[in-house]
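Before any comments, here is the structure.
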Ligand code: NAP
């Protein structure tokens, strides 16, 4: 058994960021556990052709590790993966990581005041766990009749089989979300026939992607403040969108015009144009960016199929109209388990219930997207109500890291051994979140999306400006927590509360 002060689960943007911050705090007694073998998380796993980020590179990076040499305005997956690993090298945290270590259980031991972490490579005990597992890490396979019987090649977009040569093959792609619209133009170039199964047409806007010139990269590197200014400009322009998404969906009407123009530019056939035109408000589902998706759909070797899938057979797909289309391979680009992630079943809190069981009753919720009543000394990264549809998750991650670092400072100051958010504070916070979402496009936009949970609540997204999230995570608000000192834990039965005052913080957007 390995005993550490802090265990970080996941080596993506969150886990790596946490490790770097711990180092900067002078904390070395920690370990990072990851099932893969390099840093990167989702940017390591999603290797499908065309994988790239929809947030400009200078914003989709750590503020403390700017990269003046991004090759494009929107980075592609290999470059982001390289960036993350370079940052890890620069901060020397590779040696803290246990690779190929799948975490199978995280159980709170009240008597010991520590988490017991079971992994494929043995057991760890840690006083504090930072869960940087990411919301988009558990592929969701569609529940389609017969899908298990398909005898050809089938894989999820996040588990790309690069050993399988798709050249010249008959291929079906199920889904037209963020992953699919990047995959489809790449496959259209090389497969013999491509059947695209669309359940709901997405809004796809033009992508202002271009290579950076060597002069620009020189300027990013050498002109003081230039890269920071570029980042600030990108940040500000994206925040404007958040106002429309959260409070005034009609403000986004020009985006609909731009989306229609993108369709008209990319597709000449009126029937195909009609099929790809969404009937819900822009922003209700994630706004997608592509200049190549619509032209790909118009290619002679590509068919867009909008009849619902009835079943999958051993040789292909049959739609509700009875048409059978045989294929050699099926690419399943149907998203991820987000509000129902299997990860939640593996985290067992103080009363023996898993996070999945707790959230079964209440819906997925946390305090400031980070702490959950019943799960002491656990910090979720990119937890409930912190997701974004309009700007960089790295900004939210850094806000959470501020919160964590401030906690660690207070922990030292007050010798805190156990910290648990108060249930009333967590409840009130989430009432505020849901209230802020009432007028949002995600609620009123007339679409179904993974942003909503089984109760119909939007438990994934941060409502409003991200600088408000930065503001509420600047300081760790001890008053929102029940805390116990190390001495009290030692005495076991006589819990000594350091502070437990009413919390006053509310969410404003
Ligand atoms: P997604 O956005 O959830 O899209 C899933 C697609 O599969 C949708 O078109 C969905 O249709 C369809 N689908 C699901 N179940 C189906 C079924 N049973 N039958 C037919 N179609 C089905 O998943 P994703 O594309 O992997 O993206 C997930 C998230 O990852 C994104 O929202 C984004 O946050 C992130 N991402 C970002 C980027 C980027 O930055 N460029 C790229 C990839 C992913 P419906 O719309 O009808 O549900």
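The values are calculated or read from the model by the stated rules, or taken from the named source; none is laboratory data. In this text, all values refer to a predicted model and were calculated from it rather than measured experimentally. No Cβ is skipped: glycine too gets one built from the backbone with ideal geometry, and neighbour counts run over all protein chains shown.
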Hey, among the residues in the range 378-390 that are surrounded by 23 or more Cβ atoms within 10 Å (Cβ to Cβ) and over 13 Å from residue 433 (Cα atoms), which one's farthest from the ligand (Cβ to nearest atom)?
378
Would you call residue 92 in a helix (DSSP H, G or I) and loosely packed, with under 14 Cβ neighbours inside 10 Å?
no
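Given the criterion surrounded by fewer than 16 Cβ atoms within 10 Å (Cβ to Cβ) and more than 30 Å from residue 279 (Cβ to Cβ), identify the matching residue among 208, 253, 232.
Values: 208 fails: more than 30 Å from residue 279 (Cβ to Cβ); 253 fails: more than 30 Å from residue 279 (Cβ to Cβ).
Answer to the check: 232.
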Scan of the range 126-154 for residues that are within 13 Å of the ligand (Cβ to nearest atom), more than 20 Å from the chain's Cα centre (by Cα) and under 20 Å from residue 180 (Cα atoms), ordered by number
143, 144, 147
A careful count of residues in the range 162-185 that are farther than 14 Å from residue 327 by Cβ and either buried (at least 19 other Cβ atoms within 10 Å of the Cβ) or within 16 Å of the ligand (Cβ to nearest atom) (or both) gives 11
Restricting the search to the range 78-113, which residues are without any contact (Cβ under 8 Å) to a residue 40 or more places away in the chain and under 26 Å from residue 354 (Cβ atoms)?
109, 112
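Could you tell me whether residue 366 is away from the ligand (no atom under 16 Å from the Cβ), within 16 Å of residue 457 (Cβ to Cβ), crowded, with 20+ Cβ neighbours inside 10 Å and modelled with pLDDT of 95 or more? Outline the logic, then answer.
Details: away from the ligand (no atom under 16 Å from the Cβ): yes; within 16 Å of residue 457 (Cβ to Cβ): yes; crowded, with 20+ Cβ neighbours inside 10 Å: yes; modelled with pLDDT of 95 or more: yes.
Judged against the criteria, residue 366 is a match.
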List, please: which pairs have Cβ atoms under 9 Å, are six or more places apart or on different chains, and start with a residue in the range 328-340 that is on the phi > 0 side of the Ramachandran plot and end with one that is part of a loop (DSSP other than H, G, I, E, B) and within 11 Å of the ligand (Cβ to nearest atom)?
335/136; 335/140; 335/175; 335/177; 335/450
I need every pair where a residue in the range 1-16 that is at pLDDT below 95 has its Cβ under 7 Å from the Cβ of a residue that is in a strand (DSSP E or B), sequence separation at least 6 or different chains.
1/123; 1/125
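Got a sec? Which strands (runs of 3 or more DSSP E) wholly within the range 97-209 have at least 3 residues that are more than 30 Å from residue 19 (Cα to Cα)?
In the range 97-209, 153-156, 170-174, 193-197 are the strands (runs of 3 or more DSSP E) which contain 3 or more residues that are more than 30 Å from residue 19 (Cα to Cα).
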Do you know which residues across the range 142-173 are touching a helix residue (DSSP H, G or I) at 6+ places or on another chain (Cβ under 8 Å) and under 17 Å from residue 313 (Cβ atoms)?
154, 171
Hey, residue 35 more than 16 Å from the ligand (Cβ to nearest atom) and farther than 23 Å from residue 222 by Cα or not:
yes
Do you know which residues across the range 424-446 are within 15 Å of residue 203 (Cβ to Cβ) and in contact with a helix residue (DSSP H, G or I) (Cβ under 9 Å, 6 or more places away or on another chain)?
441, 442, 445
Find all pairs meeting these conditions: Cβ atoms under 6 angstrom apart; at least six residues apart or on different chains; first residue within the range 432-454 and in contact (Cβ under 8 Å) with a residue 40 or more places away in the chain and not assigned by TED's automatic domain parsing to the domain that holds residue 285; second residue outside any loop (DSSP other than H, G, I, E, B) and within 16 Å of the ligand (Cβ to nearest atom).
437/458; 441/245; 442/458; 451/442; 451/458; 451/461; 452/458
Exception for residue 78 within (1) part of a helix (DSSP H, G or I); (2) away from the ligand (no atom under 15 Å from the Cβ); (3) surrounded by fewer than 18 Cβ atoms within 10 Å (Cβ to Cβ) falls at (2)
Looking for something within 16 Å of the ligand (Cβ to nearest atom), assigned by TED's automatic domain parsing to the domain that holds residue 112 and in a loop (DSSP other than H, G, I, E, B) - is there at least one such residue anywhere in the range 392-402?
yes
Determine if the range 256-279 includes at least one residue that is in contact with a helix residue (DSSP H, G or I) (Cβ under 7 Å, 6 or more places away or on another chain), outside any helix (DSSP H, G or I) and surrounded by fewer than 18 Cβ atoms within 10 Å (Cβ to Cβ).
yes
